[in-house]
Each structure stands twice: as C-alpha cells, then as structure tokens.
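Reading through the structure tokens given below for one structure.
Each value in this text was obtained by applying a stated rule to the coordinates, not by laboratory testing. On a predicted model such as this, the values are computed, not experimentally measured, just so you know. Backbone-built Cβ (ideal geometry, glycine too); neighbour counts: all protein chains shown.
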Amino acid sequence: MVERMANVKIFGEMKEIRIDGSKNGEVILKHLGLSSSSTIILRDGKPVPEDTLIGEEDDITVIKSFSGG
C-alpha cells in the first residue's frame, strides 16, 4: 500500500503532512500550529470552511490574514 500525504502550501512554502483518512481543516491547522481565526483554507483555489473534510488526495493552500493600521 502506497502512503499518500496531503500537500499544504503556506506562503509559497510547500509542506507535506500525513493525513490518515480525512480530517477537517481545523484539525489540520492545529497540526500546523495555526489558528483557524486568522487563516483561510483554499482547496482547488476556492475557500472552504474549516469544518470541510480534507483527504490525502487534496492539495490545499493556507493563507494567513493580517490586519493593522
């Protein structure tokens, strides 16, 4: 059996993380040490809610949001 890893892109940096089955976006963000309140998850270039299941075949992009004045 070939193990797959989900590809996660953060600020142009590519990371591979192991996802057994499917996990929701919030679990993946916690694994990456990121907060769901300050990030956006994109799958196929479209935003998805943090409760969306992400599987080992998915490529996702995580965008951190910034604020300030």
| request: Would you tally the net charge around residue 24, using a Cβ to Cβ cut-off of less than 15 Å, leaving residue 24 out, and scoring K and R as +1, D and E as -1? | output: -3
| query | When ranked by the protection proxy of mean other Cβ atoms within 10 Å per residue, highest first, what sequence do the peptides 35-47, 54-66 form? | reply | 54-66, 35-47
| note | Simple SL model, points at 7 angstrom along Cα→Cβ for residue 53 and residue 10; separation in nm is 2.5 nm
| query | Tell me, what is the Rg over Rh of the chain, with Rh the Kirkwood radius over Cα pairs? | reply | 0.97
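At 222 nm, what helix-only mean residue ellipticity would the chain give, in deg cm²/dmol to the nearest 500, using -39500 (n - 2.57) for each DSSP H run of four or more? Don't jump to the answer; show the numbers that get you there.
Values: 1 runs with 7 residues, N = 69.
So the calculated ellipticity at 222 nm is -2500 deg cm²/dmol.
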